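Take a look at the structure below.
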Amino acid sequence: MTMPRRRPGRPRRDESRPTREVVLAAATALFARRGFDAVSLREVATAAGVDVATVAHHTGTKAKLYDACFARVFAAERVALEAAAGRARAALDAGPVAARGALHDLVDVFVDFLEDRPETTALWLRRWLEPQRHADLDERYAAPLYRLVADLLDAAAAAGALVEPTPYVTVRSLVWAVHGHVVALAAGVGSPARQRREFRAFLHRLLDGLYGPAGP
């Protein structure tokens, strides 16, 4: 049986992963680098090593493909954060010191996640450049994770492990700080290893300042 030849210049598709995952990974990278308007389905197909009909089959319109890219990164982030948040909730009954340690661990998980997947930060920053467009993505794929951690802080406050009057503001501020850190890493500012080490130490000091014995 004669196998069809690939067109010149077309990348070979990664046969070890399902086609939909290959398409979403390629689309996520392109949308993160250039934004929604500047990316065509044909470019996504080329990057994924498939044809346009295959992209449309797996994801539908470009708007649906864009949505699916956010859903993909949200699903991975939710798995990581839910596990860390569960461990933090289990530590609340052990008192303030254990609660702060668990929050350190939760923040480390979030930082690790974004450092390992900088396209997640780039994807969101591109979306936020036009805050009125695709705003529904925030409610579906960002707000649930904000609420997850804000609810954890509320539970810690109710247990007497810390005092937190505005959990949503705290979570949002930490999220933006981490995104800024990832952007700095991508820009190659300073030593990456040193930046990673110092940024984690900064966040730990920040949490201790908020929730330590001398905090509010």
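The values are calculated or read from the model by the stated rules, or taken from the named source; none is laboratory data. Since the structure is predicted, the reported quantities are computational estimates derived from the model, not experimental observations. Cβ: placed from backbone, ideal geometry, glycine included. Neighbour counts: every protein chain shown. Quick note on the areas: whole protein, heavy atoms, side chains included, nothing else; ligands and nucleic acids left out. Shrake-Rupley method; radii C 1.70, N 1.55, O 1.52, S 1.80 Å.
Worth pointing out:
- Summed over the stretch 35-65, the residues that are open to solvent by 30 Å² or more (accessible area, probe 1.4 Å) and aliphatic (A, V, I, L, M) give a count of 7.
- Filtering Leu103, Leu81, Leu123 for residues that are closer than 23 Å to Arg42 by Cβ and either out of contact with any Leu (no Cβ under 8 Å at 6 or more places or on another chain) or not β-branched (Val, Ile, Thr) (or both) leaves a single hit, Leu123.
- Sole exception among (1) modelled with pLDDT under 95; (2) surrounded by 13 or more Cβ atoms within 10 Å (Cβ to Cβ); (3) farther than 23 Å from Asp208 by Cβ for Arg147, by number: (1)
- The stretch 159-183: number of residues that are part of a helix (DSSP H, G or I) and within 16 Å of Gly212 (Cα to Cα): 2
- Which listed residue is β-branched (Val, Ile, Thr), touching a residue at least 60 places away in the same chain (Cβ under 8 Å) and over 30 Å from Glu164 (Cβ atoms), from Thr59, Thr28, Thr46: Thr28
- Of all residues assigned to the stretch 83-100, none qualifies as being open to solvent by 20 Å² or more (accessible area, probe 1.4 Å), within 10 Å of the chain's Cα centre (by Cα) and at negative phi.
- Any hit, the stretch 93-102, residues being of a type in the set (Val, Ile, Thr) and at pLDDT 95 or above: no
- Being farther than 30 Å from Leu65 by Cβ, assigned to a helix (DSSP H, G or I), open to solvent by less than 50 Å² (accessible area, probe 1.4 Å) and not small (Gly, Ala, Ser) is not true of Leu123.
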